[in-house]
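Undergrad: Please see the structure below; I have some questions.
The values are calculated or read from the model by the stated rules, or taken from the named source; none is laboratory data. Being a predicted model, the structure only gives us computed values, none of them experimental. Don't worry about glycine lacking a Cβ; one is built from the backbone with ideal geometry, like all the others, and counts go over all protein chains shown. Please note that ligands, DNA and RNA were not included when accessible areas were found on the heavy atoms of the full protein model with its side chains. Shrake-Rupley method; radii C 1.70, N 1.55, O 1.52, S 1.80 Å.
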Amino acid sequence: MLLNLTELLLANSSFMPHGMCYLWKPGLVGLHLLSNAVIALSYFSIPFTLVYILRKRPDIPFNGIFLLFAAFIVSCGIGHAFDIWTLWHPNYWLAGNIKAMTASVSLLTAIALIKVIPQIIALPSPQQMQEQIREREQAEIELIKERHFLQTLLNNLSDGIVACDQNGVLTLFNQATQEIHGLPQQFIHSENWAQYYDLYLPDGQTMMSPEEIPLFRALHGEAVRNVEMMIIPKQGEPRLLLANGDPIIASDGEKLGAVVAMRDITERKLIEEALHESEARFSEAFSNAAIGIAIVSLEGQWLEINPALCQMLNYSEAELLATNYQSITYPEDLDRDLLYVEQLISGEISSCQIEKRYLSKQGEIVWVHLSVSVVKNEKNQPLYFVALIKNITHRKEAEQALRESERRFRAIFNSMFQFIGLLKPDGTVLEVNQTALDFGGFKLEEIVNRPFWEISWWRIDNKTQYQLQQAITQAASGEFVRYEVDILGANERIATIDFSIKPVRDETGQISLLIPEGRDITASKKIQEELRKNEQRWQLAIQSTGDGIWDWNVQTNEVYYSPRWKEMRGYQNDEIRGNLEQWAELVYPDDYELVMKAVEQHFNKRIPFKLEYRTLHRDGSYRWILTQGQAVWDKIGQVIRMVGAETDITERKQAQTELAQLNEQLEERVRQRTSQLEQVNKILLATTSQLEKRNQELDQFAYVASHDLKAPLRAIANLSEWLEEDLEDKLDDDTRHNLNLLRGRVHRLENLINGLLAYSRVGRVSSEFQLVSVERLLNDIIDSLAVPPEFTIEIIGEMPTLRTQLLPLQQTLSNLIDNAITHHPRQDGKVSISVVEQENFYEFTITDDGKGIDPKYHDKIFTIFQTLEARDNKESTGIGLSIVKKAVENQGGAIALKSQLGQGSSFRFTWKKN
């Protein structure tokens with residue numbers, strides 16, 4: 001049947017070809033041939049183009065319609081191609097079938113096209129398409145921006161973000177993740193994640209299995225929270241991460257993948273560990289701190305306290321917690337504490353440091369250095385105080401001692417006789433003592449912080465200033481510099497000083513200070529010149545005397561022995577060493593301590609040095625020596641040398657031995673005479689009794705005589721006054737002057753009688769011994785004297801209370817003070833009274849700033865009736881100082897005067913303690 005169909009389709013015997021219809025005209029046949037060929041080719045190219053477009057753009061809608069159109073066009077192309085065939089071959093059955101196939105395809109295409117007409121109509125127009133394209137392009141731009149923003153956001157996150165799709169392929173690996181891992185994003189299967197990205201458990205030793213990886217767990221639907229993991233990259237530092245992950249699920253429930261956020265908590269962990277360690281250290285430090293630490297409420301209640309604070313205040317922890325800081329604060333410090341608390345709570349200050357006092361449990365003061373800060377919450381509201389409390393009681397005591405030491409140093413510094421100061425190493429003045437300031441005549445603030453060489457002391461000439469600058473430079477380099485120099489003082493006074501500069505090093509060995517010191521040697525220079533002359537005379541005296549001379553330099557222990565001294569011991573001049581040890585080697589051993597003790601008493605108590613001792617002669621015998629000497633002290637009482645002479649008294653000693661024998665003979669005679677003297681003593685006792693009776697009679701006579709002599713004198717004085725009153729209008733000036741002169745002579749004679757009476761009683765009229773307060777006695781005497789208002793009487797220091805006879809001491813002090821006032825040339829004079837306690841007596845000194853007494857009259861003034869001024873100029877009996885001298889000597893003391901004209905007078909007398 002198929003064969004028959006094929007034959008039918010190909011049968012052409014009964015038909016004629018189309019060319020015959022065209023009469024085989026070449027032009028017409030060619031026209032049809034060419035047209036059908038071009039149409040067929042075009043039809044065949046169009047489907048291929050459509051198929052190519054569809055393959056390239058699978059997203060084009062209605063692709064089935066395009067395929068039907070392609071089939072339709074191909075069918076049409078086949079029909080036109082077959083028309084060329086039928087020009088010569090009349091296979092019209094086949095041509096008809098081709099057309100029938102084309103009709104079928106066309107019909108299907110039309111039907112399909114009709115079905116999609118609504119959709120085609122709904123398709124946008126080209127303008128709409130352009131608008132949609134623009135909108136889509138804008139949306140795409142926005143999407144790109146959003147994606148870029150999202151990517152930038154993800155890359156700028158400090159947390160690592162990693163995501164994968166439903167197949168476990170990594171789709172997101174932000175910058176932080178890459179930095180954490182030190183690796184870029186790779187499409188690696190989940191089974192290899194741990195190995196490739198170095199994922200470990202928190203122990204840092206065990207690599208994570210896929211089931212333990214947070215992203216893997218999230219991919220399988222688990223919400224992963226706060227999983228710690230370690231990343232130990234092959235290059236870089238290990239990191240500890242905290243991971244949180246979730247599955248990504250679409251709105252329709254489809255699983256799209258998973259996402260995990262990783263936070264690097266390495267630093268936080270280290271901080272937490274450090275914080276934990278810090279808290280542990282704080283707790284340890286709080287408990288074991290050497291200083292007190294406390295947490296205090298805003299009201300002052302102790303919240304927490306450490307043992308050091310309890311120990312500091314001698315409270316137990318429970319006892320102290322039961323109190324508040326107000327109750328143990330020293331009352332005078334509490335107001336200041338409360339003021340600081342107000343400032344801390346108000347935020348005016350955030351902390352404070354003060355020194356204050358607490359009271360211990362026993363009530364003792366405890367000085368502390370208190371550092372307080374306020375702790376606030378996140379709202380800046382104060383919560384409590386933290387206090388650090390250091391016990392500074394010992395430091396305060398040391399500071400007090402230092403201040404006392406500073407005061408003592410300042411007193412000593414300013415009272416030193418030497419010129420002394422402090423300089424910087426460059427010569428800038430820091431400090432100068434009062435002695436130097438007084439010499440220069442200026443104040444400290446006028447010279448501080450000025451170069452030392454610019455001070456007027458050194459402006460005597462340029463050479464002096466240059467020399468000082470050089471000396472400061474040498475001292476600043478560590479040298480001790482000393483030389484003698486002339487300096488200029490106030491009122492153009494020039495003084496020679498022994499000047500030195502001493503460097504002072506600090507604990508690092510650097511020169512930190514220079515100490516300049518100057519000792520006024522002007523007087524000693526003059527003395528040295530005199531000594532030089534005296535030395536010449538001394539040498540001449542040594543050569544001419546028969547005694548041995550020695551001169552001991554106590555400070556260097558060098559001794560000069562004269563040739564005669566050496567000769568006494570049998571040695572030549574060059575055979576004796578010039579030191580004290582040489583003498584000690586020769587002295588008789590038993591006499592050494594005796595001599596040294598006498599030297600010590602001479603040095604310390606100034607007891608005259610004179611004794612006998614034995615010394616070794618060169619021939620082996622011991623010679624008796626009589627030695628005596630005198631020490632020389634400097635201004636501060638230090639012994640600087642001692643000079644003495646020695647006499648060989650060996651022959652005298654031998655004579656004394658002989659005399660001893662004679663003394664034994666004399667003792668017998670003395671015993672005989674003793675009995676005779678006892679008889680004489682009895683006679684003397686009787687005589688003494690008679691003398692005492694005569695003294696009493698003399699006292700009675702003196703009283704009667706004074707009374708009888710005073711009565712006519714008073715009568716004469718009264719008569720002169722009555723005459724002057726009665727003849728007042730008749731007397732001329734000369735007569736009045738003579739009357740006044742008469743009364744003056746009467747008063748003088750009365751005073752003379754009183755003085756004689758007092759003088760006669762001194763030493764004869766005894767009074768009982770009693771405790772006498774000298775200060776009270778002086779005040780009574782001063783009150784009894786006519787002291788001018790401007791006159792000053794100063795009692796220096798504390799006066800003693802001693803057991804003595806009151807009347808002689810009262811006479812002595814009264815006469816001396818009255819003389820100082822009476823004979824003072826000014827009404828604003830000054831008298832000073834002082835005392836120095838000695839071993840067995842008190843030494844009183846009465847000093848005035850009057851006109852002074854010429855030394856040639858010092859002995860005369862103690863003689864009775866002697867005055868230095870005419871009695872008409874200055875009324876005086878001339879008995880007062882005689883009474884003083886007699887009263888002092890009767891008490892076993894002595895009186896001396898030190899005075900120069902124009903320099904005042906100083907009377908010094910001694911009075912036995914008992």
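Undergrad: Can you work out which of the residues in the range 327-386 that are aromatic (Phe, Trp, Tyr) and open to solvent by less than 40 Å² (accessible area, probe 1.4 Å) is farthest from residue 303 (Cα to Cα)? So that I can check it myself, show each step before the final result.
TA: Of the residues in the range 327-386, the ones aromatic (Phe, Trp, Tyr) are 330, 340, 358, 367, 384-385.
From what's left, open to solvent by less than 40 Å² (accessible area, probe 1.4 Å): 358, 385.
Working: 358: 18, 385: 10 Å.
Taking the candidates together, the pick is 358.
Undergrad: What is the residue count in the range 97-132 for residues that are closer than 16 Å to residue 72 by Cβ and not in a helix (DSSP H, G or I)?
TA: Residues that pass the stated criteria total 1.
Undergrad: Being open to solvent by less than 40 Å² (accessible area, probe 1.4 Å), without any contact (Cβ under 8 Å) to a residue 40 or more places away in the chain and under 23 Å from residue 511 (Cβ atoms): is that true of residue 458 here? It would help to see each step written out before you state the result.
TA: Working: open to solvent by less than 40 Å² (accessible area, probe 1.4 Å): yes; without any contact (Cβ under 8 Å) to a residue 40 or more places away in the chain: yes; under 23 Å from residue 511 (Cβ atoms): yes.
In short, yes.
Undergrad: Sort out which residues of the range 596-619 are open to solvent by less than 40 Å² (accessible area, probe 1.4 Å), in contact (Cβ under 8 Å) with a residue 24 or more places away in the chain and in contact with a Phe, Trp or Tyr (Cβ under 7 Å, 6 or more places away or on another chain), and write them in order of number.
TA: Matches in the range 596-619: 599, 602, 613, 615.
Undergrad: Can you tell me which of 206, 171 is more than 26 Å from residue 255 (Cα to Cα) and among the polar types (S, T, N, Q)? So that I can check it myself, show each step before the final result.
TA: Numbers: 171 fails: more than 26 Å from residue 255 (Cα to Cα).
Going through 206, 171 in turn, just one is more than 26 Å from residue 255 (Cα to Cα) and among the polar types (S, T, N, Q): 206.
Undergrad: For the range 387-410: of the residues being touching a residue at least 24 places away in the same chain (Cβ under 8 Å) and among the aliphatic types (A, V, I, L, M), which is surrounded by the most Cβ atoms within 10 Å (Cβ to Cβ)?
TA: 389
Undergrad: Do we find that residue 195 is part of a helix (DSSP H, G or I) and either under 60 Å from the mean Cα position of the chain (by Cα) or over 30 Å from residue 244 (Cβ atoms) (or both) in this structure?
TA: When the stated conditions are applied, residue 195 does not pass them.
Undergrad: Could you tell me which of the residues 584, 631 is over 27 Å from residue 527 (Cα atoms), open to solvent by less than 70 Å² (accessible area, probe 1.4 Å) and either among the hydroxyl-bearing types (Ser, Thr, Tyr) or within 59 Å of the chain's Cα centre (by Cα) (or both)?
TA: Details: 631 fails: over 27 Å from residue 527 (Cα atoms).
Within the list 584, 631, the selection yields 584.
Undergrad: Further question: Residues in the range 346-354: is at least one closer than 21 Å to residue 395 by Cα, hydrophobic (A, V, I, L, M, F, W, C) and either in contact with an Asp or Glu (Cβ under 7 Å, 6 or more places away or on another chain) or assigned by the TED database to the domain that holds residue 389 (or both)?
TA: Pass one, the range 346-354, residues closer than 21 Å to residue 395 by Cα: 352-354.
In the following step, the residues that additionally are hydrophobic (A, V, I, L, M, F, W, C) were identified as 352, 354.
Then drop every residue that is not either in contact with an Asp or Glu (Cβ under 7 Å, 6 or more places away or on another chain) or assigned by the TED database to the domain that holds residue 389 (or both), which leaves 352, 354.
Scanning the range 346-354, I find at least one residue that is closer than 21 Å to residue 395 by Cα, hydrophobic (A, V, I, L, M, F, W, C) and either in contact with an Asp or Glu (Cβ under 7 Å, 6 or more places away or on another chain) or assigned by the TED database to the domain that holds residue 389 (or both), so the answer is yes.
Undergrad: Name every residue in the range 551-576 that is touching a Phe, Trp or Tyr at 6+ places or on another chain (Cβ under 7 Å) and in contact (Cβ under 8 Å) with a residue 24 or more places away in the chain, in order of residue number.
TA: Matches in the range 551-576: 551, 559, 565.
Undergrad: Next question, about the same structure. Kindly indicate whether residue 282 is aromatic (Phe, Trp, Tyr), open to solvent by 50 Å² or more (accessible area, probe 1.4 Å) and at pLDDT below 90. If you could, list the steps in order and put the result at the bottom.
TA: On the way: aromatic (Phe, Trp, Tyr): yes; open to solvent by 50 Å² or more (accessible area, probe 1.4 Å): yes; at pLDDT below 90: yes.
The answer is yes for residue 282.
Undergrad: Given 275, 298, 256, 270, which one is among the aliphatic types (A, V, I, L, M), surrounded by fewer than 16 Cβ atoms within 10 Å (Cβ to Cβ), over 39 Å from the mean Cα position of the chain (by Cα) and over 30 Å from residue 189 (Cβ atoms)? Let's see the steps before the verdict.
TA: Numbers: 275 fails: over 39 Å from the mean Cα position of the chain (by Cα); 298 fails: over 39 Å from the mean Cα position of the chain (by Cα); 256 fails: over 30 Å from residue 189 (Cβ atoms).
270 is the lone residue from the list that is among the aliphatic types (A, V, I, L, M), surrounded by fewer than 16 Cβ atoms within 10 Å (Cβ to Cβ), over 39 Å from the mean Cα position of the chain (by Cα) and over 30 Å from residue 189 (Cβ atoms).
Undergrad: To continue, here is another question. For the range 411-435: of the residues being at pLDDT 85 or above and among the aliphatic types (A, V, I, L, M), which is surrounded by the most Cβ atoms within 10 Å (Cβ to Cβ)?
TA: The residue in question is 432.
Undergrad: Please determine whether any residue of the range 807-828 is assigned to a strand (DSSP E or B) and either closer than 16 Å to residue 888 by Cβ or not assigned by the TED database to the domain that holds residue 605 (or both). Give the derivation first.
TA: From the range 807-828, those assigned to a strand (DSSP E or B) are none; that's our starting set.
Within the range 807-828, not a single residue is assigned to a strand (DSSP E or B) and either closer than 16 Å to residue 888 by Cβ or not assigned by the TED database to the domain that holds residue 605 (or both).
Undergrad: Another one. Among (1) of a type in the set (Ser, Thr, Tyr); (2) in contact with a His (Cβ under 7 Å, 6 or more places away or on another chain); (3) open to solvent by 40 Å² or more (accessible area, probe 1.4 Å), where does residue 92 come up short?
TA: Unmet condition: (2).
Undergrad: Could I ask something else about it? Return yes when residue 186 is assigned by the TED database to the domain that holds residue 259, of a type outside the set (Asp, Glu) and loosely packed, with under 14 Cβ neighbours inside 10 Å and no when it is not.
TA: Details: assigned by the TED database to the domain that holds residue 259: yes; of a type outside the set (Asp, Glu): yes; loosely packed, with under 14 Cβ neighbours inside 10 Å: yes.
Here the answer is yes, as residue 186 does meet what is asked.
Undergrad: Quick one: what pairs do we get from the range 178-192, first residue touching a residue at least 12 places away in the same chain (Cβ under 8 Å), second open to solvent by 80 Å² or more (accessible area, probe 1.4 Å) and of a type in the set (Gly, Ala, Ser), C-beta under 6 Å, 6+ apart or different chains?
TA: So the pair list comes out empty.
Undergrad: Let me ask something else. Quick one: residue 829 ticks every box in (1) touching a strand residue (DSSP E or B) at 6+ places or on another chain (Cβ under 9 Å); (2) more than 20 Å from residue 777 (Cα to Cα); (3) modelled with pLDDT under 90 bar one, so which box is it?
TA: Residue 829 satisfies all of (1) touching a strand residue (DSSP E or B) at 6+ places or on another chain (Cβ under 9 Å); (2) more than 20 Å from residue 777 (Cα to Cα); (3) modelled with pLDDT under 90 except (3).
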